[in-house]
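Worksheet: the structure to be examined is printed underneath.
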Amino acid sequence: MAQKFCKIFEVEEHQVLYQITEDDESNECIETTTIIDDLRMSTKMSGFEKNNTTADIQFEKINQAFAESFFQAMKNLTQ
């Protein structure tokens, strides 16, 4: 697992949290979480090895643009 295990971004006065965790089958994954209108919204991405990569490698690519995209998608679900 990477030394850095989480990243947090600000989007529209909300926070978007990315964490390296494990899924239900103990595979390394990236979990993304935000709270909109008191709803905690979270996703887990796993299966990186099927694409010859790792959660750590993909985690390093996460930036503000990813957070904004995730937040907008979750916000659209609440409207």
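The values are calculated or read from the model by the stated rules, or taken from the named source; none is laboratory data. Source: prediction; values computed, not measured. Cβ coordinates were reconstructed from backbone atoms using ideal geometry, including for glycine residues, and neighbour counts include every protein chain displayed. Surface accessibility is based on the protein's heavy atoms, side chains included, excluding ligands, DNA and RNA. Shrake-Rupley method; radii C 1.70, N 1.55, O 1.52, S 1.80 Å.
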Next item on the list: Taking F59 as the residue in question, decide whether it is open to solvent by 80 Å² or more (accessible area, probe 1.4 Å), over 19 Å from N76 (Cα atoms), touching a residue at least 12 places away in the same chain (Cβ under 8 Å) and not small (G, A, S).
Entry: no
Notebook entry, point to check: Taking region 11-25, which residues are open to solvent by 30 Å² or more (accessible area, probe 1.4 Å), touching a residue at least 40 places away in the same chain (Cβ under 8 Å) and assigned to a strand (DSSP E or B)?
Noted result: H14
Margin query: Please count how many residues of region 26-44 are farther than 17 Å from Q79 by Cα, of a type in the set (A, V, I, L, M, F, W, C) and either surrounded by fewer than 17 Cβ atoms within 10 Å (Cβ to Cβ) or under 8 Å from the mean Cα position of the chain (by Cα) (or both).
Written below: 1
